[in-house]
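S.K.: First the structure, which I've put down as structure tokens, then a few questions once you've had a look.
Values in this text are rule-based calculations from the coordinates and carry no lab data. Computed from a predicted model, the values in this text were never measured in an experiment. In this analysis, Cβ positions are derived from the backbone assuming ideal geometry, glycine residues included, and neighbour counts consider all displayed protein chains.
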Amino acid sequence: MTDIQEREQRLYEIAEGQGGYFTAKQALKAGYSYRLQHYHAERGNWLRVDRGIFRLRNYPSSDHEELIRWSLWSHNRKDEPQVVFSHQTALALHGIGDVMPAKVHFSVPQTFRKPIPGGCVVHRVLNHEEVERNDGFLVTSPLRTLLDVADEQELDPDHLKRCFADALKRGLVRMEDLRTRAQTEVAQKILDAIQANILQSHELQHG
């Protein structure tokens, strides 16, 4: 394999895990100088989608490309993602409760200083121990997601109850974990109602 082929392979392996996208710093690590990056963008081999963000021209389309772009946009100086998709957006990603958020919700560290464009809801509470890696971006765990949404009361009580019940039914979370971690009266009331429904169903089946 030639040096050029090895360089192309390294870049492809990076882009493959990010829906075909990559940053200028990632390309530099793969062996592409800034001069070469300019060349490939000018020739149309790479599509320039934002400042310092490219996409391989012929890479197949993939799900959640918008979220991948947001994640790459958020990279810090070490080229690490700062955005973690959370709250209603994380509910949708986990397929919990049939939620269709009108805006993109994400959480960032307190030190995050990039200007936030419209169409986003930014949350400043983030625990990196409760984050999962998806294809090209980070998302809060189902447990953390439910607790965040309950804490901020983003959904009406009935919809929120359906989300909790759906996650429990599908085994994404456990009742004991929710009980232990719930910090708000809203979450505790929802869990009480769900548990009461479970007990009532059990009694009807075995009464």
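S.K.: Compute the semi-axes of the equivalent ellipsoid of region 3-56, taking the square root of 5 times each eigenvalue of the Cα gyration tensor, and list them largest first in whole Å.
M.R.: With the √(5λ) rule applied to region 3-56, the semi-axes are 14, 13, 10 Å.
S.K.: Moving to a separate point now. Just want to confirm a number: the relative contact order over region 3-56, from Cα pairs under 8 angstrom separated by 6+ residues, in percent.
M.R.: It comes to 35 percent, rounded to a whole number.
S.K.: Can you give the relative contact order of the chain as a percent, counting alpha carbon pairs under 8 Å and 6+ residues apart?
M.R.: Relative CO of the chain lands at 15 percent.
S.K.: For S61 and A196, what does the FRET efficiency come to when R0 = 41 Å and r is the distance between their Cβ atoms, rounded to the nearest 0.05?
M.R.: 0.35
S.K.: Rounded to the nearest 500, what is the chain's calculated 222 nm mean residue ellipticity when only DSSP H runs of at least 4 contribute -39500 (n - 2.57) each, over all residues?
M.R.: Only helices count here, giving -15000 deg cm²/dmol.
S.K.: Could you tell me the number of lysine pairs in region 15-122 with C-alpha atoms less than 20 Å from each other, where the two lysines are 8 or more residues apart or belong to different chains?
M.R.: Taking the Cα cut-off of 20 Å, the pair count is 5.
S.K.: Quick one: of the DSSP bridges fully inside region 65-206, what percent are antiparallel, nearest 5?
M.R.: 45
S.K.: Which net charge results for the neighbourhood of V49, defined as the other residues with beta-carbon distances under 10 angstrom from its beta-carbon, given Lys and Arg at +1 and Asp and Glu at -1?
M.R.: Neighbour charge sum, excluding V49 itself: +2.
S.K.: Using the Cα centre as the reference, give the magnitude of the dipole from point charges on the C-beta atoms of the chain (Lys, Arg: +1; Asp, Glu: -1; all else neutral), rounded to the nearest 20 debye.
M.R.: About 920 debye.
S.K.: Then there is this: Provide, in order from the shortest bin, the percent of all Cα-Cα pairs of region 65-206 in each 10 Å bin, continuing until the bin that contains the maximum pair distance.
M.R.: Each 10 Å bin holds this share of Cα pairs: 11, 41, 30, 13, 4, 1, 0.
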